[in-house]
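Report on one structure; see the data block that follows.
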Amino acid sequence: MGQEITPSMQEYLTAMYKRDGHIKWVRTTDVAEDLKIAAASVTEAFKKLAELGYIEYLPYRGAKLTPKGLMVAKSVASKERAIREALIMMGVRAEEADRVACILEHVISDEAVSAIIAYVGRCGGGSTGGKG
């Protein structure tokens, strides 16, 4: 089926998604700033993601999510949002909830996320819509 996408690659896709990378070109420097890494690292990741079909990449223009990349980015962002909301509802500070959600979003199963979303909904929590 091809190479599995790594958590690091997912981070790049999610950062692009949060900058509307599914509808417009996202600059390498913007993603580097968001992820607090060197622009050269983003450029290398963009090349690899383009080879794998997750993004379109044009040097000096930036990158745009392909439908394949958008699917991954939306899934990861949805997981992050659900985890974050549940943690905040349990009394975890927003900053800590963000940190923990960013770690867990890559390893949590779809089944577990569905249960979290259902739980947050039953508890009258926020919406799981939006981009994280």
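The numbers here are math on the coordinates, done by the rules we state, and not lab data. Computed from a predicted structure; not experimentally measured. Note: ideal-geometry Cβ built from the backbone for every residue, glycine included; neighbour counts use all protein chains shown.
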Problem set entry | FRET efficiency, residue 89 to residue 61 (Cβ-Cβ, R0 30 Å, nearest 0.05) | 0.15
Exercise. Rounded to the nearest 0.05, what FRET efficiency is calculated for residue 51 and residue 30 with R0 set to 30 Å and r the Cβ-Cβ distance?
Worked result: 0.90
For this session: Measure nothing but the geometry: give the 0 to 90° angle between the long axis through the Cα atoms of 39-51 and the longest principal axis through the Cα atoms of the chain, rounded to 10°.
Result: 90 degrees
For this session: Sort the stretch 69-122 into rounded, prolate or oblate with this rule: let a ≥ b ≥ c be the square roots of the eigenvalues of the Cα gyration tensor; rounded if a/c is under 1.5, and if a/c is not under 1.5, prolate when a/b is larger than b/c, oblate otherwise.
Result: oblate
Exercise. Between [x] 0.95; [y] 1.08; [z] 1.29, which matches Cα Rg over 2.2 N^0.38 Å calculated for the structure shown?
Worked result: [y]
Exercise. If each of residue 96 and residue 114 carries a label point 7 Å out from its Cα toward its Cβ, how far apart are those two points in nm?
Worked result: 3.1 nm
Problem set entry | Positive-end residue of 14, 83, 94, charge dipole of the stretch 6-132 with Cβ unit charges | 14
Exercise. Nearest 20 debye, what's the magnitude of the dipole of the chain about its Cα centre given +1 on Lys and Arg Cβ and -1 on Asp and Glu Cβ?
Worked result: 340 debye
